[in-house]
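Let me begin by presenting the structure, written as structure tokens, before commenting on it.
The values are calculated or read from the model by the stated rules, or taken from the named source; none is laboratory data. This one's a predicted model, so the numbers in the text were calculated from it and none came from an experiment. No Cβ is skipped: glycine too gets one built from the backbone with ideal geometry, and neighbour counts run over all protein chains shown. Side chains are part of the model used for accessible areas, which takes the heavy atoms of the whole protein and leaves out ligands, DNA and RNA. Shrake-Rupley method; radii C 1.70, N 1.55, O 1.52, S 1.80 Å.
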Amino acid sequence: QVQLVESGGGLVQAGGSLRLSCAASGSTFSFSVMGWYRQAPGKQRELVATIAVTGATRYADSVKGRFTISRDNAKNTVYLQMNSLIPEDTAVYYCEGGYSGVYWWGQGTQVTVSS
């Protein structure tokens, strides 16, 4: 059974940094795409960043220049380095992995940015 487990969330002051990790287990393949999404209270889940197995990346406009997504294909792990955090980044962050049209989600990790 494929599972994605996020870690690295927490409470940080505005201007600070956090690094999220998402490790996949139970798979015999490398995800074609891995990504991070977030959901703030009362809002829909939104894309933060994705990275293909080739290394191609995509970012939401709101995080460009502040967040960096990376992955280790050998470990089937994806990372999100978040710098210059602002209170609007406060949300539950979810990891996603996709392969052959099937997508898996992690349970989420809370990120709270205080002003």
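From 27, 84, grab the single residue that is under 24 Å from residue 3 (Cβ atoms) and not aliphatic (A, V, I, L, M).
Criteria check complete, one pass: 27.
Could we say that residue 65 is under 21 Å from residue 11 (Cβ atoms) and out of contact with any strand residue (DSSP E or B) (no Cβ under 7 Å at 6 or more places or on another chain) here? Talk me through it step by step, then tell me what you get.
Details: under 21 Å from residue 11 (Cβ atoms): no; out of contact with any strand residue (DSSP E or B) (no Cβ under 7 Å at 6 or more places or on another chain): yes.
Judged against the criteria, residue 65 is not a match.
Would you check if residue 3 is out of contact with any helix residue (DSSP H, G or I) (no Cβ under 8 Å at 6 or more places or on another chain), under 28 Å from residue 100 (Cα atoms), open to solvent by 60 Å² or more (accessible area, probe 1.4 Å) and touching a residue at least 40 places away in the same chain (Cβ under 8 Å)?
yes
If you take the residues of the stretch 26-54 that are part of a loop (DSSP other than H, G, I, E, B) and of a type in the set (Val, Ile, Thr), which of them is surrounded by the fewest Cβ atoms within 10 Å (Cβ to Cβ)?
28
Scan the stretch 6-17 for residues that are open to solvent by less than 30 Å² (accessible area, probe 1.4 Å) and part of a strand (DSSP E or B) and jot them down. Show your work before the answer.
Applying the first criterion (open to solvent by less than 30 Å² (accessible area, probe 1.4 Å)) to the stretch 6-17 yields 6, 10, 12, 16.
Matches in the stretch 6-17: 6, 10, 12.
Hey, could you check the stretch 73-96 for residues that are in a strand (DSSP E or B) and either of a type in the set (S, T, N, Q) or at pLDDT below 95 (or both) and say which is most open to solvent (accessible area, probe 1.4 Å)?
Restricting attention to the stretch 73-96, the residues satisfying the condition of being in a strand (DSSP E or B) are 77-82, 91-96.
Restricting the remaining residues to those that are either of a type in the set (S, T, N, Q) or at pLDDT below 95 (or both) gives 77, 81.
Working: 77: 14, 81: 60 Å².
Filtering first and then ranking leaves 81.
With the requirement that a residue be under 18 Å from residue 19 (Cβ atoms) and part of a strand (DSSP E or B), what does the stretch 97-113 give you?
If the condition is that a residue be under 18 Å from residue 19 (Cβ atoms) and part of a strand (DSSP E or B), then 109, 110, 111, 112, 113 are the ones that fit.
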